[in-house]
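A short worksheet on the structure shown next.
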Amino acid sequence: MTAGLVAAVDLGASSGRVMAGRVGPGTLELTEIRRFPNDPVRLPDGLHWDILRLYHEVLGGLREIARTGDSLVSIGVDSWGVDHGLLDGEGRLLGEPYHYRDDRTAAAVETVHAAVSRADLYARTGLQFLPFNTVYQLAAARGTPAFEAARTMLLIPDLLGYWLSGVRVAEVTNASTTSLLDVRSRTWDTDLIESLSIPATLLAPLRAPGEVIGPLRDEVRRETGLSSATVLTLVGSHDTASAVVGVPAGDTPFAYIACGTWSLVGVELDQPVLTEESRAANFTNEGGVDGRIRYLRNVMGLWLLQESLRTWDLEGTPEDLPAMLAAAGQLPAGGPIIDPDDPSFLPPGDMPARIAAVCARLDQPAPRTRVALVRCILDSLADAYGRTVRDAARLSGTEPEVVHLVGGGARNTLLCQLTADSCGLPVAAGPVEATALGNVLVQARTAGLLAGDLEALRALVRATQEIRRYEPRTSTVPQEH
C-alpha cells in the first residue's frame, strides 16, 4: 500500500472546510484547502442554513485540489445532524433547510408525543430529547406546501452528496440523530414513522460508512476539474461519528469530548443503553463507525462563548479572544456556575444578558466584567463535562481512565485544564481537526490505502498528531451540585 489523496468536506455549525488528506501506512497528513463561514440566514418564515452558499464553497475547495494536479481518490462529507432538505419528485430542493435553532418545532413536540410517549420513543430509537430532533422538525412541517410536495428527505451531508454524485442515500450514523431509526437493527422504524403520519417513502435507503456511492456527476467534474476516477465515499457523516474515529485512544478505557459549537460528551460502546435511568439523564445512543455506539449527552458547548463574542461585535466593541482567555485564566476559582444547557441559551441573541439573567435566577452574582463572563462560561462548561463523564461511566458501567478532548476546544488551554480538574482524570487534548481526520481515515481504508479496525486507525492518529496532556489538580475538582 502507498499513500493516496482523499478530500474531507467537513461542515460545522459555525464554519466549513475542505481538507486534503494524504494517507497511507505510517502517513496521515491533513492540509486545509478552503475554510469558509457558515452563517445562518433569517428569512420571514424563520432561520435557515445558506446551503447553496455552502455547496458553492465546497465546489471551490474541490476545484483548488484539482488544480494541484494530484490525483484525488475519494471525497467524503460530514456535517452536524438532524437538519435536512426536502426534495420534490424531480430532485429539486424545496427551500433552504431550516436551522435547528429555529423555534418552529416547539409546538410539534407535544404533537409527536400524543402519538408516541417519550419513554416508548427512547426505547425504540435510543435518542436523547432535543426539541429540534428531525422527528419534531418533520412534525412541524406537516401540512406545509413544501412537505406536501416532498418526495425525499436528505440530511445535510446526504444532500451535498446527492448534488455531487446524483445518488440519494441516508448514511446511518447521521440517520441515528433523527429519532426515526431503530437503535438495535439500524433500520428505519417504519411502524413509528407511519404512526406519526410521515410518509416512509420520504426516507432514502440506508447505507453504512465505508460504502462507495459512485463517481461524481459530469457537471461536477466539469466544474471542479476532477477526474472520472474520483468517487464519493460514505464516512461517519455525522461530524461526531467522524470525530470519534479521530480520537487517538489506545488500550486505556476512555471518555471523549468533541468540543466545538456543541460539545458531545460520552463513551464508546458496543451496545445501546436503553434504561429508564439513561432516558431520564437524557443520554443518547447514536450510531458510530463500524457498528459502535456513541453513548453521549449534548452540552451546549462553545456556542455560549461564540455568541457572546458576536454580541459584543454587533455592539461595536469587539474583543480579542486569546487576550480574554489569558486574562480569564488569571482569575481565581469560585465564580458563578451556570447550566450551559439552560433552554434560554439555545436561540441566537444577547448571550451575556441571558447569562446574567440565569445567574440572577440562581441567586448568584452575575459576572461584572467581560473577562469574568468568559471565565464563568469556561468554568460552567468544565463543570458540565465532569458531571457528564461521571454520568456516562455510571450509566454504561464503564470506567474511563482518560478523557480525550478533540475539536476546536483542544486549543483552549484554560478549558482543557479546567476539564481535567472537573473530571478528576487526565485530559489528552487534540487533535483539533479530529473530525476531518476521522473522515479521511474511513475513506482511506475503503480505498485500500490503509487496513485495520478502528483501533488501528486511532493508532495512526496517535502516532502522527500532536496531543497535549493535562493532569487534574485534584484539590480543585468541584463538588457535585
Charged-residue dipole, Cβ positions (Lys, Arg, Asp, Glu), the chain about Cα centre, Debye nearest 20: 540 debye
Relative packing of 303-311, 6-14, which averages over residues the other C-beta atoms within 10 Å, highest first: 6-14, 303-311
Phi to ³J(HN,Hα) by Karplus 6.51 cos²θ - 1.76 cosθ + 1.60 over the range 441-453, Hz, x for Gly, Pro: 5, 5, 4, 5, 5, 5, 7, x, 7, 9, 9, x, 8
Charge sum, other residues only, whose C-beta stays under 14 Å from A333's C-beta, Lys/Arg counted +1 and Asp/Glu -1: -1
Within the accessible area of the chain (1.4 Å probe), percent carbon and sulfur: 51 percent
Interchain or long-range residues, amide H under 5 Å from F254's placed H: E401
Euclidean distance of C-alpha centroids, the range 65-99 and the range 267-315, integer Å: 24 Å
Quotient of Cα Rg and 2.2 N^0.38 Å for the chain, N being how many residues it contains: 0.94
Using distinct alpha-carbon pairs, which all enter the 1/r mean, Kirkwood radius of the range 96-192 in Å: 14.3 Å
FRET efficiency for A123 and A463, using Cβ-Cβ distance with R0 set to 35 Å, rounded to 0.05: 0.25
Per residue solvent-accessible surface (Å²) - the chain, probe of 1.4 Å: 38 Å²
Whole-Å semi-axes of the ellipsoid equivalent to the range 334-385 (Cα gyration tensor, √5λ, descending): 15, 13, 11
Where only C-alpha atoms are counted, convex hull volume of the range 301-367 per residue in Å³: 93 Å³
E219 versus R142: modelled label distance in nm, points set 7 Å from Cα along the beta carbon direction: 3.4 nm
Cut-off under 5 Å, modelled amide H: who pairs with L72 long-range: S227
Largest-first ellipsoid semi-axes for the range 1-114, taking √(5λ) over the Cα gyration tensor eigenvalues, angstrom: 34, 15, 13
Helix-derived mean residue ellipticity, 222 nm - over the chain, DSSP H n ≥ 4, -39500 (n - 2.57), to 500: -11000 deg cm²/dmol
Most to least packed among 425-436, 327-338, 16-27 [average Cβ atoms within 10 Å]: 425-436, 16-27, 327-338
In order through the range 217-224: 3J(HN,Hα) via Karplus (6.51 cos²θ - 1.76 cosθ + 1.60), integer Hz, x for Gly, Pro: 4, 4, 5, 5, 5, 5, 6, 9
Positive minus negative residues near A8 (Lys, Arg vs Asp, Glu; Cβ under 13 Å): -2
Burial order of peptide ranges 202-211, 70-79 (average beta-carbon count within 10 Å, highest first): 70-79, 202-211
Interchain or long-range residues, amide H under 5 Å from I33's placed H: V18, M19, A20
The range 291-406 - percent relative contact order, Cα under 8 Å, separation 6 or more: 32 percent
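The values are calculated or read from the model by the stated rules, or taken from the named source; none is laboratory data. Nothing here was measured: the structure is a model prediction, and the numbers come from that model. Heads up, the Cβs are rebuilt from the backbone with ideal geometry, glycines too, and the neighbour counts pull from every protein chain shown. Areas reflect the complete protein model, heavy atoms only, side chains present, ligands, DNA and RNA absent. Shrake-Rupley method; radii C 1.70, N 1.55, O 1.52, S 1.80 Å.
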